[in-house]
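Participant: I have a structure here, written as structure tokens, and I will follow up with some questions on it.
FYI, it's all coordinate maths here, none of it is from the lab. Every value quoted in this text rests on a predicted model; they were computed, and no experiment measured them. A quick note on method: Cβ atoms are made from the backbone with ideal geometry, for glycine too, and the neighbour counts reach across all protein chains shown.
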Amino acid sequence: MPPQNHPSMPLTPSPHHRITTFPPPPAARYYHSTLSIWLSVDPMADKYPGVSPYVYCANNPVRLVDPDGRVIVPNDDEAGHLYIDYKSEVNRRLNNARVSLSELEQKKIAGERIGNRKIRRAQNEVNKYQNIYDELTEMEESQTVFRINAHTTGTSVSAYGSTTYDLETSEVNINVGDGQRLLNENGFYEYITPMMILAHELKHGHQYIKHEIDFNWDGTQGGCLFDYTDELAAIRRGAMFGYININSLERAYKLGELQNRKEPRSYDSLTPMQKQSYDVQKANGFFH
Ligand SMILES: [Zn+2]
């Protein structure tokens, strides 16, 4: 966890170890729609109807087309750097956590008094980053194409980032803005960094393939499965990679209307009748 409220953190983390080349995606993946849906949902103020998740779905059917790709595609070099930097950071922290854990275990074997709680905490740290690593792997191997777009500030309604579904290409757009420096109530700067935004939006991408969220008929994030717990998970994920006070961020979110919607956790948690209703609506293109 980076220090909170650090007044001198750079806006972009670790620019000095940027990797300048990124393996180009297969040619077919270059296909990019000029009709990308940029009607996006602001991750910092996700929109959602306050009514029952089963009555609000709009009635503009859009045919569901299964994408044939199975990769995370950066839209350009910048987006590639963003993804590689993020994955490297996850790897770095995972390795550090593993080293810490094994050092503790070695000491214990050697007869040093190491408390179980300390071991457990170190194990939790390993699990935390292993979990993110596994999510990224699942996304890379899934049938869904995730297209990462950098510098999207100003191109969408969101100042920070968004996760949207491209109705033409059937790709999921991970839109990452340039972030922002914020002066907090204590007079310290906090930073919403591009890596933080990427981590947040990729969490939504993973939630999508796990059927924890869906996309509305117009491609915007949301749909019947989207609830407060999904947003909270993304906020917490993002905060692991930015310089921000997670408590004030969560507090700000709790003031939103999404707080009143904490179900359903996922498609799997629906009752058989709800599943049936969801399936019918999905087949009719209400969401993807
Ligand atoms: Zn979000």
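Participant: What net charge do the residues around residue 98 carry, taking every other residue with its C-beta under 13 Å from that of residue 98, with Lys and Arg at +1 and Asp and Glu at -1?
Facilitator: My count for the surroundings of residue 98 gives 0.
Participant: Can you flag which of 118/275; 262/282; 118/203; 107/203; 108/210; 87/275 are past 32 Å Cα-Cα?
Facilitator: 118/275; 107/203; 108/210; 87/275
Participant: Along Cα→Cβ, 7 Å out, is where each label goes; now give me the distance between the ones at residue 100 and residue 188 in nm to one decimal.
Facilitator: So the label points at residue 100 and residue 188 sit 1.9 nm apart.
Participant: Are there GluC sites (Glu not before Pro) in the stretch 148-219 that DSSP marks as loop and that have at most 16 other Cβ atoms within 10 Å, and which are they? Walk me through the numbers before you get to the answer.
Facilitator: Details: sites: 168, 171, 185, 190, 201, 212; in loops: 168, 171, 185, 212.
Hits after loop and neighbour filter: 168, 185.
Participant: Return the loop-located trypsin sites (Lys or Arg not before Pro) in the stretch 228-271 (DSSP other than H, G, I, E, B) with at most 16 other Cβ atoms within 10 Å of their own Cβ; answer none if there are none.
Facilitator: Counting only loop positions with at most 16 other Cβ atoms within 10 Å, the trypsin sites (Lys or Arg not before Pro) in the stretch 228-271 are 262, 265.
Participant: Let me ask something additional. Rounded to the nearest 0.05, what FRET efficiency do residue 123 and residue 92 have when you use their Cβ-Cβ distance and R0 = 22 Å?
Facilitator: The formula returns an efficiency of 0.75 here.
Participant: Residue separation times 0.36 nm, minus the C-alpha to C-alpha distance between residue 141 and residue 275: what's the value?
Facilitator: Stretched fully, the residue 141-residue 275 segment lengthens by 45.6 nm.
Participant: Scan the stretch 97-163 for trypsin sites (Lys or Arg not before Pro) in coil per DSSP, keeping those whose Cβ has at most 11 other Cβ atoms within 10 Å, and list them by number.
Facilitator: Qualifying residues, ordered by number: 113.
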